[in-house]
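S.K.: Sharing a structure here in structure tokens format.
The values are calculated or read from the model by the stated rules, or taken from the named source; none is laboratory data. For clarity, every value in this text was computed on a predicted model and none was experimentally measured. Note that we place each Cβ from the backbone using ideal geometry, even for glycine, and neighbour counts take in every protein chain shown.
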Amino acid sequence: MQRTLLYLFLFVFTWASLQAQKPKTPSSTEIYKSIQKLNVLGSVLYVAAHPDDENTRLISYISNHLNVNTAYLSLTRGDGGQNLIGPEIRGLLGVIRTQELLAARRVDGGEQVFSRANDFGYSKHPDETFDIWNKNEVLSDVVLAIRKFKPDVIINRFDHRSPGTTHGHHTGSAMLSMEAFDLANNPSAFPEQLEHTSIWQPKRIFFNTSWWFYGSEEKFEQADKSNMLSFDIGTYYPLTGISNNEVAALARSQHLSQGFGTNLQRGNQNEYIEFLKGEPLLNNNDMFSGIDTSWNRIKGGKAIGNILNEAEANFNFKNPSEHIPQLVEAYKLLQNIENEHWKTQKSKELKSIIEMCAGLYLEASADTSIATPSETINVNLEVLNRSDVPITLMSLITPNHANISKNIALKNNVKYNFKEPIKIESEATYTSPYWLEKKGSLGMYHVDDKTLIGLPETPKTLKVDFHLQIAGTPFTFSKNIIHRYAQPDKGELYRPFEIIPEVSVALTEKVIIFSDNKPRDIHVTVKAGRDNLTGYVQIAHPENWNIYPKKQKINIANKGEEQTLVYTVIPPKNKNEGFLKPTAHIENKTYAKKLIEIDYNHIPFQTVLLPSESKIVRLDIKKKGDNIAYIPGAGDVVPESLHEIGYNVSVLNPSEITPETLKHFDAVVVGIRAYNTVEELKFKQQILFDFVADGGNMIVQYNTNRDLKTEELAPYELHVSRDRVTDEHAEVRFLKPEHPVLNEPNKITPQDFEGWTQERGLYFPDSWGKEFTPILSLNDKGESPKNGSLLVAKHGKGYYIYTGLSFFREFPAGVSGAYRLFANMLSIGKTDSNEQAQLND
């Protein structure tokens, strides 16, 4: 039975991830758990810097064992991380990681909030972090989160007393949390927030410590723990047949873009939090000691608690609807409570529980997943009461503000369907992440609407209100319009309903490289958001570039179809760069955004609207060799980038790495973190080393020093460290200025390291065999030189190169120097096509 419950639990949460838009159909056990949580009036805010920083074990324990409202404040959305599942980086990666956090919270029972801080990349000290973030604005957002969520307890993931020992974002998050703890109750601090919320003073703040912060388990064992609380977060939940640490592992495994899929954990496990400040603890085993978390904490709450505690104590698992009269009575009493915070929070919970107990199924499904402003869609409304409780559907209110009277008594298990046409307003807002709507700075998102600050997603604007009367009391349930459909090979599916422009335009390539002054064709994809789309497209371009034709007509018959337009671009003779910006002209309106779709199984489908532009670079670049084999790693666009500068690139799977296959290539390039993610590569190393010995070149891009699949990264001694240079402007010194990799076929100068983005590089080797030649020296301010960013070794007739330079970030940004240096790395020891032809003659 236990195993059956576990499998059911896993299925429910896996299905919930895949079907995040599906209306809830909870079991009696889930309803009972909700009532238990309803009877606890306490809250905890967990604070850290990034998605995946959160301790899901502790969040799940507080939410599911203590039944306390728990939220995770992630200051950033993780834009600066790497992506193990696809090519998305920066803002698009932030969208993915936001949804992964929401998926994790659906598993562990927490809520999710954010600040406007942008994850600009690794930072070695909070001073650097605060120089790039707008510290006052991020502090304001932390204060706002506290005032809105009103936590009794704050728990920091990181130690505010240890600047410089870990990621500056990490320490910075704790420092801001400590400061906000003292400001949230001060009406003079950020007074503009008080138009929408009220001051609040948390009772205590803790640091979620562990042996890791002490350097070893032995040191932590010896540490003074008199100021710490500890508890076993491996507690087992008989109601679900799963333990807390299993729930936590499921939640942790939602962070797939960061490679955090993990085995489930079981058994006892101690967690520690260190008291930092606030009201002194009366009981060292209870973070809420001295805090009343019962209904008695609010005036008038005792009567409500008497009703709800009785419902919990005598819960009917076979027929939860039996409790609806009690729940309705408690709901009516709750509306007279003066405490607006708990009134709002518990009214929301109570309504949801009443809905669950009645087995209510309320759905508004559009006949399409997308629509444009002014378009009319058909929405199927489904209403179902699966109980004997008297429930009447009084009316429906659609987004057109039409009040549609129904007055229908809902019989037990009788489905009622209604079809309603709904016209989208002409000024309707497009569906897209609000924090990406306007260009921000390196360290901050720009958000004009202050009411959106902190929200994980852009609120859906298209809803249907179902006005019901339940046991004689009126209730309104609002449901987002979604799109429900079926596929023969997948069954029933759900997608968000989204409003898009009537046309979107996008250049096929994000960066277009011209290695000479020859004209080149580019492609503009026009996608119709409605039927019968006509108009034309023009492309804005730098003055010294030319594009023909000047404009082209659009003529698309059906919504969702695309038309590809071909333009010829003529570059200038000399080195130059700028941007191409296509614009679609439809009647008297212009559209200049591209529609990006993000579709992964573990998160809901996402659409993102971004300015449509591509960088164009007239590059002074030469190369030797033509054919490149690329072995993918964690996901990047390096193959496409190499194709841009004229290489023939073939992507190889590990099974295709054979001596015979490699004979056709001049060089092999290994993708980022390939030796962390591709198990089979450890069996192919000797084949690759033999390829180098026979005259080929092999370039290995960065890997982390943890979870390497092989210790033999190179044919010679090589040790990868955590050394990195985060300042993209850091001086780059040439250790071997005469070396071919800096001179042939392109002369590399300091100017080639201008315009780099986010960082110089990461996970540089810190020791290597005498066969390697270090080429560059660089370091962040105040640190010792790091000489392992680019290492070259002759091996037989060819060259093995290991580099931690962040080419995977520079290529999508169109950094010309990165292209020139990489071309030299591929070309080392080669003859170009003209030289080879002369030799053959």
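S.K.: In the stretch 118-147, which residues are in contact with a strand residue (DSSP E or B) (Cβ under 8 Å, 6 or more places away or on another chain) and closer than 22 Å to residue 197 by Cβ? Don't jump to the end; show me each part of the working.
M.R.: The first filter runs over the stretch 118-147 and keeps only residues in contact with a strand residue (DSSP E or B) (Cβ under 8 Å, 6 or more places away or on another chain), leaving 118, 122, 133-134, 137-138, 141-142, 145-146.
Hits for the stretch 118-147 are 134, 137, 138, 141, 142, 145, 146.
S.K.: Another question about this same structure. From the list 574, 601, pick out the single residue that is assigned to a loop (DSSP other than H, G, I, E, B), polar (S, T, N, Q) and in contact with a Lys or Arg (Cβ under 9 Å, 6 or more places away or on another chain).
M.R.: Answer to the check: 574.
S.K.: Which one is farthest from residue 118 (Cα to Cα) among residues in the stretch 49-76 that are surrounded by 24 or more Cβ atoms within 10 Å (Cβ to Cβ) and touching a Lys or Arg at 6+ places or on another chain (Cβ under 6 Å)?
M.R.: 56
S.K.: Here's something else I'd like to know. How many residues are assigned to a loop (DSSP other than H, G, I, E, B) and surrounded by fewer than 17 Cβ atoms within 10 Å (Cβ to Cβ) if we restrict to the stretch 387-404?
M.R.: So the answer is 5.
S.K.: Right, another one. Mind checking which residues of the stretch 235-280 are touching a Gly at 6+ places or on another chain (Cβ under 7 Å) and crowded, with 19+ Cβ neighbours inside 10 Å?
M.R.: The answer is 243, 244, 245, 253, 258.
S.K.: May I ask you to list the residues in the stretch 290-317 that are out of contact with any Pro (no Cβ under 9 Å at 6 or more places or on another chain), over 21 Å from residue 352 (Cβ atoms) and in a loop (DSSP other than H, G, I, E, B)?
M.R.: Passing the criteria: 291, 292, 299, 300.
S.K.: Go through the stretch 52-75 residue by residue and tally those that are assigned to a loop (DSSP other than H, G, I, E, B) and among the hydrophobic types (A, V, I, L, M, F, W, C).
M.R.: Total satisfying the criteria: 3.
S.K.: If I filter the stretch 588-619 down to residues being surrounded by fewer than 17 Cβ atoms within 10 Å (Cβ to Cβ) and among the polar types (S, T, N, Q), which single residue comes out as farthest from the chain's Cα centre (by Cα)?
M.R.: Here the answer is 588.
S.K.: Continuing with the same structure: Conditions: (1) touching a residue at least 12 places away in the same chain (Cβ under 8 Å); (2) surrounded by fewer than 18 Cβ atoms within 10 Å (Cβ to Cβ); (3) touching a strand residue (DSSP E or B) at 6+ places or on another chain (Cβ under 6 Å); (4) not polar (S, T, N, Q). Residue 667 meets all but one. Number of the miss?
M.R.: (2)
S.K.: Follow-up. Can you spot a residue in the stretch 646-663 that is farther than 26 Å from residue 253 by Cα, of a type in the set (D, E, K, R) and touching a residue at least 40 places away in the same chain (Cβ under 8 Å)?
M.R.: Taking every residue of the stretch 646-663 in turn, none turns out to be farther than 26 Å from residue 253 by Cα, of a type in the set (D, E, K, R) and touching a residue at least 40 places away in the same chain (Cβ under 8 Å).
S.K.: Residues that are under 16 Å from residue 762 (Cα atoms) and touching a Lys or Arg at 6+ places or on another chain (Cβ under 8 Å): list the helices (runs of 4 or more DSSP H) wholly contained in the stretch 658-708 that include at least 1 such residues.
M.R.: Of the helices (runs of 4 or more DSSP H) lying wholly inside the stretch 658-708, those with at least 1 residues that are under 16 Å from residue 762 (Cα atoms) and touching a Lys or Arg at 6+ places or on another chain (Cβ under 8 Å) span 674-677.
S.K.: Taking the stretch 533-551, which residues are polar (S, T, N, Q) and crowded, with 17+ Cβ neighbours inside 10 Å? Before you say what the answer is, go through the steps one by one.
M.R.: Within the stretch 533-551, the subset polar (S, T, N, Q) is 534, 538, 544, 546.
Matches in the stretch 533-551: 538 only.
S.K.: For the stretch 77-119, how many residues meet the condition of being of a type in the set (D, E, K, R), surrounded by fewer than 22 Cβ atoms within 10 Å (Cβ to Cβ) and under 15 Å from residue 809 (Cβ atoms)?
M.R.: Count: 2.
S.K.: Is there a residue being at positive phi and modelled with pLDDT under 95 anywhere in the stretch 468-475? Quick ask: steps written out before the conclusion?
M.R.: Pass one, the stretch 468-475, residues at positive phi: 471-472.
Remaining after also requiring modelled with pLDDT under 95: 471-472.
Among the residues of the stretch 468-475, at least one is at positive phi and modelled with pLDDT under 95, which makes the answer yes.
S.K.: Take the residues in the stretch 620-662 that are hydrophobic (A, V, I, L, M, F, W, C) and at pLDDT below 90; name whichever of them is surrounded by the most Cβ atoms within 10 Å (Cβ to Cβ).
M.R.: Looking at the filtered set, the residue picked out is 634.
S.K.: How many residues, within the stretch 620-629, are part of a loop (DSSP other than H, G, I, E, B) and either among the aromatic types (Phe, Trp, Tyr) or within 34 Å of the chain's Cα centre (by Cα) (or both)?
M.R.: 0
S.K.: Ok, one more. Can you tell me which residue among 717, 783 is more than 30 Å from residue 575 (Cα to Cα), in the same structural domain as residue 821 (by TED's automatic domain parsing) and at pLDDT below 95?
M.R.: Numbers: 717 fails: at pLDDT below 95.
After ruling out the rest, the residue left standing is 783.
S.K.: Would you please name the residue that is farthest from residue 287 (Cα to Cα), looking only at residues in the stretch 201-214 that are in a loop (DSSP other than H, G, I, E, B) and within 30 Å of the chain's Cα centre (by Cα)?
M.R.: Top of the filtered list is 210.
S.K.: Residues to consider are 149, 190, 181, 158; find the one that is on the phi > 0 side of the Ramachandran plot and either assigned by TED's automatic domain parsing to the domain that holds residue 609 or of a type in the set (Phe, Trp, Tyr) (or both).
M.R.: Answer to the selection: 190.
S.K.: Select from the stretch 733-758 the residues that are among the polar types (S, T, N, Q) and over 30 Å from residue 123 (Cα atoms) and list them in ascending order.
M.R.: Listed by number, the residues that qualify are 743, 746.
S.K.: Restricting to the stretch 516-532, count the residues that are over 19 Å from residue 613 (Cβ atoms) and crowded, with 20+ Cβ neighbours inside 10 Å.
M.R.: 3
S.K.: Tally time: how many residues in the stretch 598-621 are out of contact with any strand residue (DSSP E or B) (no Cβ under 8 Å at 6 or more places or on another chain) and over 21 Å from residue 509 (Cα atoms)?
M.R.: Matching residues across the stretch 598-621 total 4.
S.K.: Does the stretch 137-171 hold any residues that are farther than 30 Å from residue 339 by Cα and either free of Cβ contacts under 8 Å to residues at least 40 places away in the same chain or assigned to a helix (DSSP H, G or I) (or both), and which are they? Give the steps one after another, and end with the answer.
M.R.: Initial filter on the stretch 137-171 (farther than 30 Å from residue 339 by Cα): 157-171.
Scanning the stretch 137-171 gives 161, 163, 165, 166, 168, 169, 170, 171.
S.K.: Take the stretch 297-311 and flag every residue that is surrounded by fewer than 17 Cβ atoms within 10 Å (Cβ to Cβ) and either at pLDDT below 95 or in contact with a Leu (Cβ under 9 Å, 6 or more places away or on another chain) (or both).
M.R.: Within the stretch 297-311, 297, 300, 303 qualify.
S.K.: Yes or no: residue 448 over 26 Å from residue 401 (Cα atoms) and not polar (S, T, N, Q)? Break it down stepwise before answering.
M.R.: Values: over 26 Å from residue 401 (Cα atoms): yes; not polar (S, T, N, Q): yes.
Here the answer is yes, as residue 448 does meet what is asked.
S.K.: Assess whether residue 427 counts as being at pLDDT 95 or above and assigned to a loop (DSSP other than H, G, I, E, B).
M.R.: no
S.K.: Could I ask something else about it? Restricting the stretch 106-126 to residues that are without any contact (Cβ under 8 Å) to a residue 60 or more places away in the chain and not in a loop (DSSP other than H, G, I, E, B), which is nearest to residue 451 (Cα to Cα)?
M.R.: 111
S.K.: What are the pairs, 6+ residues apart or on separate chains, where a residue within the stretch 68-92 that is farther than 16 Å from residue 102 by Cβ and not assigned by TED's automatic domain parsing to the domain that holds residue 602 has its Cβ under 6 Å from a residue that is part of a loop (DSSP other than H, G, I, E, B) and aromatic (Phe, Trp, Tyr)?
M.R.: Correct list of pairs: 80/120.
S.K.: Within the stretch 480-501, does at least one residue satisfy the condition of being in contact with a helix residue (DSSP H, G or I) (Cβ under 8 Å, 6 or more places away or on another chain), part of a strand (DSSP E or B) and in the same structural domain as residue 373 (by TED's automatic domain parsing)?
M.R.: no
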